[in-house]
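Asks: Okay, here's the structure, questions in a sec.
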Amino acid sequence: MLKEQCIKYIDRNINGVIKITNQKKTYWLKIGGEDKSNLIRKLSSLASKFNLFSCFQSKATMNSWSRFEHEKSVLLYLNSIGFQVPKITLAGKRFFVTPDKGQPLSQVEADRITDDTLMQLFNLFIKLHNADIAHGRPALRDILIDQHNQLSLIDFEESIMHASPKLKARDIYLLLMDLCRIKQVTIEQKRRALCYWKQQVSDEYWQSLIEIHQLLRKFKPLAYAVLFFKKNNKLSRQLIETCHLLDSFLSYEFIHKDSPI
């Protein structure tokens, strides 16, 4: 019955992600073919060829079918090592199906995102990076929380196998940026989570994060200029807030360099 439902959507040449209910259980059908390439991503991919801008590397410009197959293989591998991703329960040439694993963090009540949730979140990325994979473009919508407050990751189309420390550090920077969407998550909470991450990873990862910060903070004047004309521009606000977070973190470290944070 589940396979028949999937085939109906596939035969209609629909692509993307579709919610399916079968025998009172919820599943997500992902159909390949969605083109995610745009001018900004093409420029980012081009810039990433230069060492200074290597943190802009992206798989979004890949052929849609190659990207789809890549995601499927990454999910299968992560399942095989027990990583917290939905298990592929049904798959075919153009699709795969996974069971529902909860709500995206972008949609849950803010009071569910506690200090423990943030620690679990950063531990999730530590585990992913220890498996030598970078997510590519982590966002709150790609992080699911179930009824037991357990987290899992989805959407690995832009993931990178054998990722460099800089690309893994980019995951953390993008994660910090997207956490800015939840106003109830304070700078102090993010600072504690960042401190925990720093203590768990090698200096190379930390230095890579600082290099990304030093590069992107050069764009702060542009972000302020954008906000002058578009006061609700989310990307600009996220960049400014994340720069402020890391600047304050580094200042605090410098002042308290002989004592733990």
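Asks: Taking a ≥ b ≥ c as the square roots of the Cα gyration tensor eigenvalues, with a/c under 1.5 meaning rounded and otherwise prolate when a/b beats b/c, else oblate, which class fits region 103-260?
Replies: The shape class here is rounded.
Asks: Could you provide, to the nearest whole Å², the per residue accessible area of the chain with probe 1.4 Å?
Replies: Accessible area per residue: 54 Å².
Asks: Another question, then. What residue among Lys93, Lys166, Lys72 has the largest mean-square fluctuation in a Gaussian network model of the chain, using Cα springs under 10 Å?
Replies: Sorting by GNM fluctuation, first place goes to Lys93.
Asks: Which residue, Arg141, Arg112, Arg237, has the most motion in a Gaussian network model of the chain that connects Cα atoms within less than 10 Å?
Replies: Comparing Arg141, Arg112, Arg237 in the GNM, the peak value goes to Arg112.
Asks: Express the carbon and sulfur contribution to the solvent-accessible surface of the chain as a percent, rounded to the nearest whole number, probe 1.4 angstrom.
Replies: 53
Asks: Hey, can you list the DSSP H helices of the chain whose Cα span along the axis is 30 Å or longer and whose average Kyte-Doolittle score is at least 0.0?
Replies: 234-255
Asks: Taking the alpha-carbon centroid of each part, what is the distance from region 140-185 to region 188-227 in angstrom?
Replies: 15
Asks: Rounded to the nearest 500 deg cm²/dmol, what is the calculated helix-only ellipticity per residue at 222 nm for the chain, with -39500 (n - 2.57) per DSSP H run of length n ≥ 4?
Replies: My calculation for the chain gives -15500 deg cm²/dmol from helical runs alone.
Asks: Using a 1.4 angstrom probe with every protein chain in place, what is the largest-first accessible-area order of Asp171, Asp111?
Replies: Ranked list, largest accessible area first: Asp111, Asp171.
Asks: Counting only C-alpha contacts under 8 Å and six or more residues apart, can you give the relative contact order of the chain as a whole percent?
Replies: 15
The values are calculated or read from the model by the stated rules, or taken from the named source; none is laboratory data. Just so you know, these numbers come straight off a predicted model, no measurement behind them. All accessible areas refer to the heavy atoms of the entire protein, side chains included, with ligands and DNA or RNA removed. Shrake-Rupley method; radii C 1.70, N 1.55, O 1.52, S 1.80 Å.
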